[in-house]
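Q: This structure is in C-alpha cells; I'll ask about it shortly.
Throughout, read-outs are computed from the coordinates displayed, never taken from laboratory work. On a predicted model such as this, the values are computed, not experimentally measured, just so you know. In this analysis, Cβ positions are derived from the backbone assuming ideal geometry, glycine residues included, and neighbour counts consider all displayed protein chains.
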Amino acid sequence: MTNELKKIECDPMCGFMVRSHDEKELIEIGLEHAKKFHKEIKVNENDLKGMIKAA
Ligand SMILES: [Zn+2]
C-alpha cells in the first residue's frame with residue numbers, strides 16, 4: 001500500500017469523483033454513491049477496486 005492520492009471516477013455523464021489516500025474510503029464512498037444514484041447498476045467492491053486510478 002502506497003500513500004499516493006487516488007481517485008474513483010464515475011461515468012462522465014454523472015460527473016461524480018472521489019479522491020482519497022485511503023482505498024477503503026474510496027470504495028466505501030463509491031458504493032454509497034452507486035446505491036444512491038445508480039440503483040440499476042450492481043457494483044461491488046472488486047468493481048470499484050478496478051476503477052481506482054492515481055489522482
Ligand atoms: Zn455516478
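Q: Rounded to the nearest 20 Debye, what is the dipole magnitude of the chain about its Cα centre when Lys and Arg each give +1 and Asp and Glu each give -1 at the C-beta? Walk me through the intermediate numbers first.
A: Working: 10 positive and 11 negative charges, 19 e Å.
I would put it at about 100 debye.
Q: If you count, for each residue, the other Cβ atoms within 10 Å and average over each peptide, how do 10-17, 48-55, 30-37 line up from highest to lowest? Walk me through the numbers on the way to the answer.
A: Numbers: 10-17: 11.2, 48-55: 13.0, 30-37: 14.9.
Top to bottom by mean Cβ count within 10 Å: 30-37, 48-55, 10-17.
Q: Counting only C-alpha contacts under 8 Å and six or more residues apart, can you give the relative contact order of the chain as a whole percent? Before the final figure, lay out each step's value.
A: Working: 64 pairs, mean separation 22.6, N = 55.
Dividing the mean separation by the residue count of the chain yields 41 percent.
Q: Output wanted: per-residue J couplings in Hz (rounded whole) for the stretch 18-33, from phi through Karplus 6.51 cos²θ - 1.76 cosθ + 1.60, θ = phi - 60°, x for Gly and Pro.
A: 10, 10, 6, 7, 9, 4, 4, 5, 4, 5, 4, 5, x, 5, 5, 4
Q: What does the charge add up to near H21, with Lys and Arg as +1, Asp and Glu as -1, over the other residues with Cβ less than 10 Å from its Cβ?
A: Values: positive: K6, R19; negative: E4, D22, E23, E25.
It works out to a net charge of -2.
Q: To continue, here is another question. Can you work out the PRE-style zone for H38? Point 7 Å along Cα to Cβ, and I want the residues of the stretch 4-21 with backbone N under 12 Å.
A: Only 8-18 fall inside the zone, counting backbone N under 12 Å.
Q: Kirkwood Rh, Cα Rg: Rg to Rh for the chain?
A: Values: Rg = 10.6 Å, Rh = 11.2 Å.
So for the chain, dividing Rg by the Kirkwood Rh gives 0.95.
Q: Order of I8, I41 from fewest to most other C-beta atoms within 10 Å? Mind dumping the intermediate values first?
A: Working: I8 22, I41 11.
Exposure proxy ranking, most exposed first: I41, I8.
Q: Could I ask something else about it? Determine the sum of side-chain charges near A54: Lys and Arg each +1, Asp and Glu each -1, restricted to other residues whose C-beta is under 13 angstrom from that of A54. Before the final figure, lay out the partial values.
A: Values: positive: K6, K7, R19, K53; negative: E4, E9, E23.
For residues surrounding A54, the net value is +1.
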